[in-house]
Amino acid sequence: MRFALSAEQEQFSRSLHDLLSGVDTDSATRSWASGDPGPGLKIWRRLAELGVTALAVPEKYDGLGATPVDLAVGFERLGYHCVPGPWTDTVAVLPSLLDDELLTSVASGETLASVAFAPQVPYALDSDVADARLAVENGRLRAFTPGSLLSSMDGSRRLFPPVTGDDLGTALDAERAFELGCLATAAQLLGAGRWLLDTSVAYAAQRKQYGREIGGYQAIKYLLADVATGLALAEPLLFGAAVTLDRRDVSAAKVACGDAAHLAARTGLQVHGAIGYTAEHALGLRLTRVRALVGAWGTPRFHRERVLS
C-alpha cells in the first residue's frame, strides 16, 4: 500500500496555495474581524470557483463527493493562509447533516453556513454572515438566530450564542459531521503551524545579531528543529484519521496538530522577538488563530480523553 497523497491531491494543494498567495488574505482577515466581510467573501467566491465549497457535497447536488483526505488537503492550505470565514461549518460539516437542495447553493459558494454543535461547539461561528444556521442537539437539527457578538481570542472568528427555534428533524449523520469538523480544524492547525515555521525560518535567515544571522546560532536551530519534528509527526496522524474517520484517530490527530501548531506559535514569537508582538505583523494573526483553534471543536482535554477511552 502506498500511503501518500495522489498526484491530483498534490495539484489541488498547489492550486490553492498559488491562488491564496496572490490575494491579500491577511488584510481580508483583519477586515473580517472588524465586521467588514467584503474582502473575505471575494476570496470565498474565488475558492468556490476552484471547487473548495463543493468538496463534500454529494454529486447529486452538483458537488464533488470528495473524500475526507481531500478535505484535509484543502483545509491545511486554508489554515496556512489564515483565510477568514465559516469554512469548517459550511464545507466540512453541513453536507453530513442534510440531504437537501440547499447543498446545491453550498457547492456553488452562494450559501454560507454556521453550525453550533452542543456541547463541544456551544457558540456559532460567523452566524452574522451565514445564510443557513443550524444547531445540533442530541442528533436533531434546530434553526437558530444569533445572539450578541462575543469576544474571541481570534477576532476574525466571530462567535455568537445560538438562540434556538424550530426543530428541523433528525440530522443525517451527526457523528460523521462532528468528526469532519474536528478533522478540518486539525488540518487548519497543521497548516498554520507550517506557515509559522516557514516564516520563522525565513526571518532567522535574514535577521542579524552580533554580526551574523540568528539562524546560524545553535539555540535557534534546535528550536526550529523541534517545531519541524512536531509538524512532521502530526501530518501522518492527520491523514491517517482522514482515511479511517475513527473517533480515536481523529482525536489523536487534533491533539497532535494542536500541540505542534502551539509549539510553532511559541517558537515563532521567540524567533521574531519584539516585532512579533505588533498588530501589524502577520505573525499575530496566526498566533491568535492557533490559540483559538486548539480549543475549537473539542478541547485538548476532551480529545485526550477520547483517545484514552
I need a count of the residues in the range 91-127 that are open to solvent by 10 Å² or more (accessible area, probe 1.4 Å) and more than 19 Å from T53 (Cβ to Cβ). 7
Is it the case that the range 160-171 has a residue that's within 27 Å of G51 (Cα to Cα) and over 16 Å from the mean Cα position of the chain (by Cα)? yes
For the range 129-163, which residues satisfy the criterion of being open to solvent by less than 40 Å² (accessible area, probe 1.4 Å), over 15 Å from P84 (Cβ atoms) and among the hydrophobic types (A, V, I, L, M, F, W, C)? A132, L134, A135, V136, L141, A143, F144, F160
Restricting the range 56-86 to residues that are aliphatic (A, V, I, L, M) and surrounded by fewer than 23 Cβ atoms within 10 Å (Cβ to Cβ), the one nearest to L283 (Cα to Cα) turns out to be L71
Limited to the range 1-60, what total is found for residues that are under 20 Å from L125 (Cβ atoms), assigned to a helix (DSSP H, G or I) and of a type outside the set (A, V, I, L, M, F, W, C)? 11
Exactly one of A256, A260, A252, A242 is buried (at least 17 other Cβ atoms within 10 Å of the Cβ), of a type in the set (A, V, I, L, M, F, W, C), at pLDDT 95 or above and in contact with a His (Cβ under 9 Å, 6 or more places away or on another chain), and that residue is A252
Selection from the range 6-40 of residues crowded, with 16+ Cβ neighbours inside 10 Å and hydrophobic (A, V, I, L, M, F, W, C) yields F12, L16, L19, L20, V23, A28, W32, A33
Helices (runs of 4 or more DSSP H) fully within the range 198-309 counting 3 or more residues that are of a type in the set (G, A, S) and in contact with an Asp or Glu (Cβ under 8 Å, 6 or more places away or on another chain): 218-244
Just one of A174, A205 is under 30 Å from G240 (Cβ atoms) and of a type in the set (A, V, I, L, M, F, W, C); which is it? A174
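The values are calculated or read from the model by the stated rules, or taken from the named source; none is laboratory data. Predicted model, so just to flag it, every value in this text is computed and none were measured. Backbone-built Cβ (ideal geometry, glycine too); neighbour counts: all protein chains shown. Accessible surface is based on the protein model in full, side chains and every heavy atom, while ligands, DNA and RNA are left aside. Shrake-Rupley method; radii C 1.70, N 1.55, O 1.52, S 1.80 Å.
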